[in-house]
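Colleague: Dumping the structure here so I can ask a few things about it.
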Amino acid sequence: MAYGDNVVLDSIDIDVPRGQVVALLGPNGAGKTTTVEILEGFRRRSGGTVDVLGADPEHAPEAWRARVGVVLQSWRDHATWRVTDLLRVVGGYYASYGTAAVPRPWDTDELLDRVGLSEHAGKRIDRLSGGQRRRLDVAVGLVGRPELLFLDEPTTGLDPAGRRDVHELVADLVDLDTTIMLTTHDLAEAEKVADRLLILAGGSIVADGSPDQLRLQLSRSSEVRLRDLATGEVTVHTEPDPTAYLTEVLARRPGEVQVVEVRAASLEDVYLDIVRRAESGDGVGPLPTIDPLREVTR
């Protein structure tokens, strides 16, 4: 995907089996929202092929769109509407797509119970807390019983209690047999809610696997902290072979740097190093080989 001469996404290859909860991670500006908008059919791509639920999103018919739910970072609607009224109006758009096998839309009371808003059914939207408001956003995305649900930065702007509410809600959605793809720049959040993590940096997917899989393989790298003896500045480097790296640095800069610490890198260390290199323009560089996880059993 390119905007003029600026290549934002390059050689992205994602295969998501039904029923997975997938988190797309990366720094701001990495292309997460662009990726999701292409998959949703909201953005025209400059190249490549995309198949979502058996169709190209860019040219998919209206019936296909009824199978996809979208939760944006924020919604703009009438603050004076009641929670129940909003869901009934939105749900009405899906009524003609119901079948005996997949009835649409959700019964409003049943959906409110599912997302934990039954006690707030008659409340005005502007009287909801941040966490309750986000639950309503998810309910709007679910009202058509989607087979695939996109969540774009689902906890942006929420306090810790609101974030916890959304995390619990995503966990509760697993038994709906809905495939979920969410975008976030928060590794801790992704680890809590996702079966599988995709790290996007430098326009490409540089890591792909379950949290445990990535933690095991990426943590084989080491974090090296060096101090510049002239300035006192401490720099942090994540390296798969710390011995070779230190040998090269100390030979190249004799008497200029001091080794402060070498320790096994955590998943967070490696992720932050990827983000740092992507934002600085240094390039992500080689990472330990990771076998993409195509099937996940909870």
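The values are calculated or read from the model by the stated rules, or taken from the named source; none is laboratory data. The structure displayed is predicted, hence computed values, not measured ones. Glycine gets a Cβ as well: all are built from the backbone with ideal geometry, and neighbour counts include every protein chain shown.
Colleague: So in the stretch 21-56, with the set limited to residues that are of a type in the set (Ser, Thr, Tyr) and not in a helix (DSSP H, G or I), which one is farthest from ILE180 (Cα to Cα)?
Modeller: SER46
Colleague: With the structure loaded, tell me whether ASP212 is within 23 Å of ILE14 (Cβ to Cβ), surrounded by 20 or more Cβ atoms within 10 Å (Cβ to Cβ) and not aliphatic (A, V, I, L, M) or whether it fails that test.
Modeller: No: the conditions fail for ASP212.
Colleague: Residue by residue through the stretch 77-133, note down the ones that are free of Cβ contacts under 8 Å to residues at least 24 places away in the same chain and touching a Pro at 6+ places or on another chain (Cβ under 8 Å).
Modeller: Answer for the stretch 77-133, where residues must be free of Cβ contacts under 8 Å to residues at least 24 places away in the same chain and touching a Pro at 6+ places or on another chain (Cβ under 8 Å): GLY92, ALA95, GLY98.
Colleague: Let me ask you something else. For VAL224, state whether it is touching a residue at least 24 places away in the same chain (Cβ under 8 Å), in the same structural domain as GLY69 (by TED's automatic domain parsing) and crowded, with 20+ Cβ neighbours inside 10 Å.
Modeller: When the stated conditions are applied, VAL224 does not pass them.
Rundown of residues vs (1) surrounded by 14 or more Cβ atoms within 10 Å (Cβ to Cβ); (2) within 25 Å of THR35 (Cα to Cα); (3) not β-branched (Val, Ile, Thr), yes/no style:
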| site | (1), (2), (3) |
| --- | --- |
| ALA190 | yes, yes, yes |
| ARG220 | no, no, yes |
| THR243 | no, no, no |
| ARG252 | no, no, yes |
| GLN258 | no, no, yes |
| ARG263 | no, no, yes |
| ILE274 | yes, yes, no |
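Colleague: Checking HIS167 against (1) surrounded by fewer than 18 Cβ atoms within 10 Å (Cβ to Cβ); (2) over 26 Å from GLY31 (Cα atoms); (3) not aliphatic (A, V, I, L, M), which single condition isn't satisfied?
Modeller: Tallying (1) surrounded by fewer than 18 Cβ atoms within 10 Å (Cβ to Cβ); (2) over 26 Å from GLY31 (Cα atoms); (3) not aliphatic (A, V, I, L, M), HIS167 fails exactly one: (2).
Colleague: Next question, about the same structure. Which of the residues spanning the stretch 14-51 are at pLDDT below 80 and closer than 24 Å to GLU191 by Cα?
Modeller: If the condition is that a residue be at pLDDT below 80 and closer than 24 Å to GLU191 by Cα, then PRO27, ASN28, GLY29, ALA30, GLY31 are the ones that fit.
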